[in-house]
């Protein structure tokens, strides 16, 4: 079990790192690209899973640590949001991360938006001890996406720009561009996304509680 866990997480780290590098190494501005939520959520997961991988290799017992479940849940919901927003809001607008040539564009895009997010979710399903998520955790998990909204506006105020691949050169994504859709629409998008994250979080908690209940019933 331990060997399988370590092997899987190594593959996941390679997937995260490859997706990030494929995008960053094939762009005219790494700063522009790393300023997107997609890459920032992938970097967050890369850092967290690298630390977990080291803990696994050194046999450090982190499974009873409350902080582990808070951070792991935040990473999981953060990159789940990347995949969901990609499919709902970005893919219909032909969004791809800025990479070239075409084959690298397709691979890099798939890794950061689809493959790595799915692998993060599978990691939770297969390897995490169930029953440790608390009801207030989703409120904490809101931090990462909401801080990104603040980052976008601070970055723009400081003269920063983005590629136009998300529908806005000034604010990364069209749903954050109040010059195009208005402040009210931006607020509605942010509230909708925040509510969506809370729903995702509580779905994760329900799954966690049900899995824990089944395990306890099977092994009383």
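The values are calculated or read from the model by the stated rules, or taken from the named source; none is laboratory data. Everything quoted here is computed from the prediction, not taken from an experiment. Neighbour counts run over all protein chains shown; Cβ positions are idealised from the backbone, glycine included.
Where the second residue is not in a helix (DSSP H, G or I) and the first is free of Cβ contacts under 8 Å to residues at least 60 places away in the same chain and lies in segment 42-66, which pairs have Cβ atoms under 6 Å and are six or more apart or on separate chains?
55/62
Among (1) within 30 Å of residue 4 (Cα to Cα); (2) assigned to a helix (DSSP H, G or I); (3) in contact with a helix residue (DSSP H, G or I) (Cβ under 7 Å, 6 or more places away or on another chain), where does residue 130 come up short?
Looking at each condition in turn, residue 130 falls short on (2).
Using the structure shown, decide if residue 163 is surrounded by 12 or more Cβ atoms within 10 Å (Cβ to Cβ), in contact (Cβ under 8 Å) with a residue 60 or more places away in the chain and over 30 Å from residue 10 (Cβ atoms).
On the way: surrounded by 12 or more Cβ atoms within 10 Å (Cβ to Cβ): yes; in contact (Cβ under 8 Å) with a residue 60 or more places away in the chain: yes; over 30 Å from residue 10 (Cβ atoms): yes.
When the stated conditions are applied, residue 163 passes them.
Filter segment 1-19 for residues that are in contact (Cβ under 8 Å) with a residue 24 or more places away in the chain and over 19 Å from residue 121 (Cβ atoms) and give the result.
The one that is in contact (Cβ under 8 Å) with a residue 24 or more places away in the chain and over 19 Å from residue 121 (Cβ atoms): 2.
Can you find, within segment 32-44, the residue that is nearest to residue 175 (Cα to Cα) among those that are out of contact with any strand residue (DSSP E or B) (no Cβ under 9 Å at 6 or more places or on another chain) and modelled with pLDDT of 85 or more?
Residue satisfying both the conditions and the ranking: 38.
When the residues of segment 153-184 are narrowed to those that are part of a strand (DSSP E or B) and touching a strand residue (DSSP E or B) at 6+ places or on another chain (Cβ under 8 Å), which ends up nearest to residue 33 (Cα to Cα)? First the steps, then the outcome.
Here is the first cut: in segment 153-184, the residues part of a strand (DSSP E or B) are 167-168, 172-173.
Imposing the further condition that a residue be touching a strand residue (DSSP E or B) at 6+ places or on another chain (Cβ under 8 Å) reduces the set to 167, 173.
On the way: 167: 14, 173: 12 Å.
Looking at residues that are part of a strand (DSSP E or B) and touching a strand residue (DSSP E or B) at 6+ places or on another chain (Cβ under 8 Å), I get 173.
Do any residues in segment 20-34 that are on the phi < 0 side of the Ramachandran plot and surrounded by fewer than 16 Cβ atoms within 10 Å (Cβ to Cβ) have Cβ atoms under 8 Å from those of residues that are outside any helix (DSSP H, G or I) and modelled with pLDDT of 80 or more, where the two are at least six apart or on different chains, and which pairs are they?
29/163; 31/160
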